[in-house]
Amino acid sequence: MCLSIPSKVVEIDENNYATVDTMGVKRKVTLDLISEPVNIGDYVLIHVGFAMNKISKEHAEDSIAAYNEIVEAMKDGSIAEDEGESQYDRS
Amino acid sequence: MTEVDLIEGFRDPEHMKALAALIKKECKSKINIMEVCGGHTHTIMKFGLSQILPDLIEFVHGPGCPVCIMPKERIDHAIALASMPNTILATLGDMIRVPGSKTSLQKLRAEGKDIRSLYSPMDVIKIAQENPDKNVVFFAIGFETTTPMSAVLVQQAIALGLKNVFFHINHVTVPEAVDAIMSGGDAKIDAFLGPSHVSVITGYKIYEPIAEKYHTPVVVSGFEPTDVMESVLRIVRQINEGKSVVDNEYARAVSREGNLKAQELVNTYFEKREHFRWRGIGDIPKSALKLKAQYAAYDAEIVFDDVLPKEELNDHKMCICGDILKGKAKPFDCKVFGKACTPTNPMGSCMVSSEGACAAYFKYGKLSLKGATA
């Protein structure tokens with residue numbers, strides 16, 4: 001029910017329908033629920049044939065960059081992979 | 001960045017391990033986290049998140065599956081509507097499989113009734129246009145996510161002057177259900193994972209009263225596994241700092257205010273019901289919507305009132321779905337789980353849809369025996 005997948009807008013027609021590409025599968029969705037302008041190349045979140053919202057690439061990239069930093073911190077030893085074990089064993 | 005990165009970028013095992021290590025390091029006390037949405041239940045089970053998280057983190061599977069919370073009497077409504085002559089009944093998801101008191105829509109379809117499971121609600125308009133001599137009833141289900149889509153349908157039906165399309169509205173709302181679970185005082189829940197797509201529509205502001213009233217952190221989370229892991233970390237940090245506020249991990253799609261156009265459409269066509277009975281939980285005031293009185297000509301519950309059964313129907317007394325939804329029990333604690341109650345022959349609400357907690361445990365359960373608490 002709640003599955004929805006980021007999809008890329010590849011075409012927009014005069015009836016406010018967009019053709020979106022979802023990992024190689026193309027389908028038509030309505031843009032009726034979106035008030036801000038949608039452009040070709042934007043990413044939208046699709047749910048049961050409706051685009052619900054645009055997805056912020058910047059926010060997505062920020063999240064992934066933050067995860068990479070944590071991984072780096074683990075690699076250089078500032079966060080040990082088994083750190084916290086003793087705390088959690090005590091409880 | 002591509003749409004593949006937007007998915008795979010949030011499934012990286014290295015990121016998940018790193019987040020798990022941080023959570024392990026920082027988590028100091030037992031935390032019961034309710035994920036309200038059935039989509040999160042599946043992420044947790046499918047990606048085995050309980051296995052990489054410390055035992056101190058326990059997930060409680062909430063009532064966020066719209067098919068699961070539909071009481072049997074309303075499934076009987078769908079069956080009664082589909083049984084009317086000259087009628088097409090359309091609905092979404094696995095509603096079609098769910099047994100009512102005597103039969104299911106699926107069985108009725110096998111007997112020749114015209115029942116359609118749609119990919120998109122917009123198909124209702126096309127079906128109504130192609131079948132002007134038939135009544136087309138849309139059995140509308142879902143939380144705040146799908147309500148605006150039903151509103152668009154009503155708007156289009158009016159704009160196109162369609163007289164043969166009717167709506168049986170079963171749209172329910174998250175905050176009232178969470179409040180009902182918490183206000184009993186016996187639910188063991190310390191924090192919430194806020195739903196992804198409900199929040200896209202409503203904005204995360206709708207959870208602020210819950211965080212304040214029950215002193216529970218609420219972190220709105222995306223559906224990918226690293227989204228859930230990061231949200232758990234944010235919950236742990238709030239608890240360590242003694243905070244209980246609404247936080248938004250899913251900033252790439254959710255804002256505080258949400259999709260205002262969608263909210264306006266909902267407010268134009270719908271209003272609160274006084275009461276709605278939730279399967280497994282019971283009656284919750286103001287927890288669902290109905291069409292406003294001026295759209296009564298489109299309201300299947302009014303137009304076809306004479307064929308709709310009125311009796312309330314409860315689940316078998318062996319079923320413990322109510323306790324599961326409140327975090328007081330796990331699916332493995334249920335005597336009928338996986339025996340008398342299975343996805344093909346569900347007895348209770350949590351097994352009826354693939355999004356339900358019991359259905360998720362049934363599908364992925366061998367990976368999650370940790371979930372079998374006493």
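Please treat every number below as a calculation from the coordinates, not as lab data. The shown structure was predicted, so the numbers you read here are calculated from the model rather than taken from an experiment. Ideal geometry is used to build each Cβ from the backbone, glycine not excepted, and the neighbour counts take in all protein chains shown.
A few remarks follow.
- Shielding of B:246-253 by partner chains, average beta-carbon count, 10 Å: 5
- 3J(HN,Hα) from dihedral phi, the stretch B:299-312, Karplus parametrisation 6.51/-1.76/1.60, rounded to Hz, x for glycine, proline: 8, 4, 5, 8, 5, 10, 3, 5, 9, 8, x, 10, 6, 7
- Couplings 3J(HN,Hα) of the stretch B:256-272, computed from phi: 5, 8, x, 8, 5, 5, 5, 5, 5, 4, 4, 5, 5, 9, 10, 9, 5 Hz, in residue order, whole Hz [Karplus 6.51 cos²θ - 1.76 cosθ + 1.60, θ = phi - 60°; x for Gly and Pro].
- Residues B:H275 and B:Q51, FRET efficiency given R0 of 60 Å [Cβ-Cβ distance, rounded to 0.05]: 0.90
- Helix axis angle, B:174-183 relative to chain B longest principal axis, alpha carbon, degrees: 60 degrees
- Alpha-carbon gyration tensor eigenvalues x 5, square-rooted, for chain B, Å: 36, 23, 19
- GNM on chain B, alpha-carbon springs under 10 angstrom: the most fluctuating residue among B:K310, B:K326, B:K286 is B:K310.
- The protein assembly as shown - Rg (one decimal) and Dmax (whole number), Cα, Å: 22.2, 72
- Look at the stretch B:229-235: the mean tally of other chain Cβ atoms within 10 Å of its residues' Cβ atoms is 1.
- Percent antiparallel among DSSP beta bridges (both partners in chain B, rounded to 5): 25 percent
- Only Cα pairs under 8 Å and 6+ residues apart enter the sum, and on that basis the relative contact order of the stretch A:5-55 stands at 36 percent.
- Among B:K330, B:K107, B:K72, residue whose mean-square fluctuation peaks in a GNM of chain B (springs only between Cα atoms under 10 Å): B:K107
- Under a Gaussian network description of chain B, with springs only between Cα atoms under 10 Å, the residue in B:G185, B:G348, B:G282 that fluctuates furthest is B:G185.
- Each peptide in B:204-216, B:146-158 gets a packing score, the mean of other Cβ atoms within 10 Å over its residues, and the list from highest to lowest is B:146-158, B:204-216.
- Note on the stretch B:112-183: Cα-only Rg and Dmax are 14.6, 49 Å.
- Against chain B, whose longest principal axis comes from its Cα atoms, helix B:147-159 is set at around 20 degrees.
- In a reduced charge model with +1 at each Lys and Arg Cβ and -1 at each Asp and Glu Cβ, the stretch B:1-88 shows a dipole moment near 320 debye about its Cα centre.
- Mean per-residue shielding of peptide A:54-66 is 5, counting Cβ atoms of other chains within 10 Å of each Cβ.
- By the beta-carbon count within 10 Å of each Cβ, the least crowded to most crowded order of A:E61, B:E271, fewest first, is B:E271, A:E61.
- Values of log10 I(q)/I(0), in the order q = 0.13, 0.16, 0.17, 0.23 Å⁻¹, for the stretch B:263-374 under a Debye, Cα-only, solvent-free model: -0.66, -0.84, -0.89, -1.19
- For the set B:K134/B:K163; B:K102/B:K134; B:K330/B:K363, the pairs lying more than 18 angstrom apart at their alpha carbons are B:K102/B:K134.
- Semi-axis lengths (Å, descending) of the ellipsoid that matches the C-alpha gyration tensor of the stretch A:5-55: 14, 11, 10
- With neighbour counts taken as other beta-carbon atoms within 10 Å, the residues B:C37, B:C358 rank, fewest first, as B:C37, B:C358.
- Ellipticity at 222 nm from helices only: DSSP H runs of n ≥ 4 in the protein assembly as shown, each -39500 (n - 2.57), divided by the residue count, give -10000 deg cm²/dmol.
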